[in-house]
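The values are calculated or read from the model by the stated rules, or taken from the named source; none is laboratory data. What you see is a predicted model, and the numbers here were worked out from it, not measured in a lab. As a convention, Cβ positions derive from the backbone with ideal geometry for all residues, glycine included, and neighbour counts pool all protein chains shown. Heavy atoms of the whole protein, side chains included, go into the accessibility calculation; ligands, DNA and RNA do not. Shrake-Rupley method; radii C 1.70, N 1.55, O 1.52, S 1.80 Å.
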Amino acid sequence: MKKIKSIIVTASMLFTFGAANAMAEEHSAVSSQIEQVQQEKNLVKELVTEFNAHADELIVTPEEPYKEVKLSNGYTIFAEITPSNSASDISSRANEAPSARAQQSKEIKSTHGFKNLYGQIVVQLVTTTKWTYDFDKVLNGTTTTVGEPKMLGWGLKWKDVSDPFKSAYDKEWEWTASAMFSYNVSGVEFDTLELITHHRVKYNGEYAWKYEFVD
């Protein structure tokens with residue numbers, strides 16, 4: 001009986017020790033997840049603050065189509081514009097006689113987002129606008145957008161493109177494109193980041209754009 005008791009006690013101790021180890025590992029995993037979530041929440045707030053602070057440094061042009069700012073935490077925010085024609089070409093055609101201009105079509109694509117410490121894109125919003133104009137007014141146009149989450153934990157919650165705002169006599173059309181990205185752990189959403197792009201096109205082929213980060 002003593003031997004049996006000894007075996008039972010030993011087995012019981014092993015079970016208790018094993019259960020304690022499992023609980024400790026589970027607690028460690030949960031703590032790690034909580035810390036990771038908090039880091040990402042802090043990151044989103046920091047990205048929005050930094051993007052607004054460095055907005056002037058991220059102004060891109062056809063001559064300087066890509067710019068990025070590396071933050072103190074190692075992450076990088078970036079902006080890019082891909083025009084179909086150069087600014088000089090727009091100006092030269094604007095000076096032509098009306099009969100020589102006729103209708104023209106243009107396309108611009110803009111992208112903004114952020115990269116991680118290894119230079120890999122985490123999320124980005126790609127917006128493309130096509131429009132036709134005749135140097136008197138904007139005749140028609142469309143805007144499409146693609147929200148691209150590229151790293152584990154980030155997903156696309158929704159995307160949207162507004163109907164164009166049209167100025168008097170169709171001199172300018174402007175669209176707002178946006179996408180909401182969510183950060184998820186084990187299927188639970190913990191934070192969101194919205195990227196917004198504004199595209200404005202004009203009757204003479206000129207265009208403008210603006211980017212936003214919103215938490």
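Values as computed for the structure displayed
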quantity: Around residue 171: net Lys/Arg minus Asp/Glu count, Cβ-Cβ under 13 Å; calculated: -2
quantity: Largest-first ordering by accessible area, 1.4 Å probe, given options 196, 121, 59, 108; calculated: 59, 121, 196, 108
quantity: Exposure of residue 142 as accessible area (Å², to 10), given a probe of 1.4 Å and all protein chains; calculated: 80
quantity: Per-pair calculated FRET efficiency, R0 = 30 Å: residue 82 and residue 103 via Cβ, rounded to 0.05; calculated: 0.85
quantity: Solvent-accessible surface (1.4 angstrom probe) belonging to residue 170, in square angstrom, nearest 10; calculated: 50
quantity: Nitroxide proxy distance, nm - points 7 Å out along Cα→Cβ at residue 55 and residue 121; calculated: 2.4
quantity: Size of charge dipole - region 110-167 - debye, nearest 20, with Cβ of Lys, Arg +1 and Asp, Glu -1, no other charges; calculated: 220
quantity: Within region 129-212, trypsin sites (Lys or Arg not before Pro) in DSSP loop having at most 11 other beta-carbon neighbours inside 10 Å; calculated: none
quantity: FRET E, pair residue 214, residue 171, Förster distance 22 Å, beta-carbon r, rounded to 0.05; calculated: 0.15
quantity: FRET efficiency estimate (nearest 0.05) - Cβ-Cβ, residue 144 to residue 68, R0 25 angstrom; calculated: 0.55
quantity: Violating pairs (Cα-Cα greater than 26 angstrom) within the set 137/157; 115/210; 45/166; 106/150; 67/202; 70/130; calculated: 137/157; 45/166; 106/150; 70/130
quantity: Per-residue SASA entry for residue 156, accessible area with 1.4 Å probe, Å² rounded to 10; calculated: 70
